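Some notes on the structure that comes next.
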Amino acid sequence: MTSTPTTAPPSGTVLARIAALQRMDAPELRKQWETLTGTSPMPGSTASLRQRLVHRIQEMAYGGLAPSVQATLEKVARRDAGEAERPVAKAVTPGTRFIREWRGRRHEVTALAEGFEYSGQRYGSLTAVAKAITGQHTNGKVFFGLKKRSGK
């Protein structure tokens, strides 16, 4: 069922509307969700639906997430979905060489259009290259001097 979502809380305070949710049964909560969002509620427990309604009422009254927070959440979601950006690879021109001496040996990495090449192997990130060199997880940007260590 789709209806036009309410853009602002109807009369009554936010706290009164939240208190009213506590007295509603599952069908009433589903109807409330449809009224507030214009969509059918996702499957879940009555308690979960009640929590989502509380959040929606507060969001409508006080505003949603700041755009910067929303952008960060979307970036994390893309990363978790396997759509991670490669910020260093995109910021670095293909062909750029990174040279680092570590434990008396010179290590040379070349930026590619997609990832990096080191010692005849392709890597998706500088961090993966740094791990191949050091044998442990190391921030690639810090290892190659593109970024200072945090807190220093």
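The values are calculated or read from the model by the stated rules, or taken from the named source; none is laboratory data. None of these values were measured; they are calculated from a predicted model. FYI the Cβ positions are ideal-geometry reconstructions off the backbone, even for glycines, and counts take in every protein chain you see.
Assorted remarks:
- Boolean, GLU108 is under 29 Å from the mean Cα position of the chain (by Cα) and of a type in the set (Asp, Glu): no
- Exclusive hit being at pLDDT 85 or above, closer than 30 Å to LYS147 by Cα, surrounded by fewer than 11 Cβ atoms within 10 Å (Cβ to Cβ) and of a type outside the set (Phe, Trp, Tyr), set GLY120, GLY115: GLY120
- Pairs with Cβ under 7 Å, 6+ apart, first in the stretch 129-149 and free of Cβ contacts under 8 Å to residues at least 60 places away in the same chain, second among the aliphatic types (A, V, I, L, M) and surrounded by fewer than 17 Cβ atoms within 10 Å (Cβ to Cβ): ARG149/VAL142
- Test: residue in the stretch 25-33 that is of a type in the set (A, V, I, L, M) and surrounded by 10 or more Cβ atoms within 10 Å (Cβ to Cβ): yes
For (1) aliphatic (A, V, I, L, M); (2) within 30 Å of ALA16 (Cβ to Cβ), each residue gets a yes or a no:
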residue	(1), (2)
GLY44	no, yes
GLY63	no, yes
ARG78	no, no
VAL92	yes, no
THR96	no, no
TRP102	no, no
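- Pair list, Cβ < 7 Å and 6+ apart or interchain, from the stretch 24-38 residues that are without any contact (Cβ under 8 Å) to a residue 60 or more places away in the chain to residues that are among the polar types (S, T, N, Q) and part of a helix (DSSP H, G or I): MET24/GLN32; ALA26/THR46; LEU29/THR46
- Among the residues of the stretch 99-122, those that are in contact with a Lys or Arg (Cβ under 9 Å, 6 or more places away or on another chain) and without any contact (Cβ under 8 Å) to a residue 12 or more places away in the chain comprise ILE99, ARG106, GLU108.
- Within the stretch 1-46, considering residues that are farther than 16 Å from ILE57 by Cβ and small (Gly, Ala, Ser), the one modelled with the lowest pLDDT: SER3
Let's see how each residue does on (1) of a type in the set (S, T, N, Q); (2) within 30 Å of ALA20 (Cβ to Cβ); (3) surrounded by 13 or more Cβ atoms within 10 Å (Cβ to Cβ); (4) modelled with pLDDT under 85:
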| residue | (1), (2), (3), (4) |
| --- | --- |
| ARG56 | no, yes, yes, no |
| SER68 | yes, no, no, yes |
| ILE99 | no, no, no, no |
| ALA128 | no, no, yes, no |
| LYS131 | no, no, yes, no |
| ASN139 | yes, no, yes, no |
